[in-house]
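Shown next, in structure tokens, is the structure this report addresses.
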Amino acid sequence: MFTRALQQIQAQANAAGDIDWLVQIDSTIVRAHQHAAATGRKRGRHRQDEPDDHALGRSRGGLTTKIHLAFDGKGRPLAILVTPGQHHDSICARPLLERIRVPRPGPGRPRCRPDQVIADKALGNGLGPIGDGLG
């Protein structure tokens, strides 16, 4: 539901020529409740760690999830990626940019490539040259 709503908002903004393709990417960590993992460690039982698709990781701070966001120059979200908290930002930079798909008005493929990307140091190593493999 969120994805459809986001695509509709993006399509309307793109049709009006209102998307600024100076894309910025960043991430934040969200702490999860201690019971979020449901590890099943009662009475000596032990399960494996959470599957990756749950995006719940273990780090020094406990159970965490990391939210990566790509947004246009006006602060509107273009793509979102949720990973376990221990994943480094540089690993997620390219997959996040590859998730950008802004529908064009009328027929045609969605726009996927930003004009420029702004990122902090943590994300810089995972980007490489922007033209390599994006699009």
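What follows is calculated from the coordinates using simple rules that are stated; it is not laboratory data. Just so it is clear, the model here is predicted, and its values are computed rather than measured. We place every Cβ from the backbone using ideal geometry, glycine too, and count neighbours over all the protein chains shown.
In the stretch 51-120, taking the dipole from charged Cβ atoms about the Cα centre, the farthest positive-side position among Gln86, Leu69, Val102 is held by Val102.
Spin-label pair Gln7-Arg101: with each label point 7 Å from Cα along the Cα-Cβ axis, the two points sit 0.6 nm from one another.
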